[in-house]
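Accompanying notes for the structure given below.
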Amino acid sequence: QNAMQIIHERLLTEAKRQLIYTQLSSKEICYKLGFKDPGYFSRFFSRHTGITPGKYKKQVREQGAL
């Protein structure tokens, strides 16, 4: 892995953690992680996970409720 891949992996891990364990919106998480544009954050997250931040949050919460 190169440095950029490690940084992206860490950002994704933190974004997922924030989405699961906080009540923050995707927009708030975006700014908290240093992204300047919520649209870019959403595309970044989707490109690496295959799902939008909102759908990820909903999916994880539905699985936890089962």
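The values are calculated or read from the model by the stated rules, or taken from the named source; none is laboratory data. Source: prediction; values computed, not measured. Note: areas computed on protein heavy atoms with side chains; ligands, DNA, RNA excluded. Shrake-Rupley method; radii C 1.70, N 1.55, O 1.52, S 1.80 Å.
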Next on the checklist: I'd like to know if the range 31-44 contains one or more residues that are under 13 Å from the mean Cα position of the chain (by Cα), among the aliphatic types (A, V, I, L, M) and not in a loop (DSSP other than H, G, I, E, B).
Outcome noted: no
Checklist outcome for this item: When every residue in the range 10-47 that is of a type in the set (D, E, K, R) and open to solvent by 100 Å² or more (accessible area, probe 1.4 Å) is compared, the one nearest to residue 60 (Cα to Cα) is 17
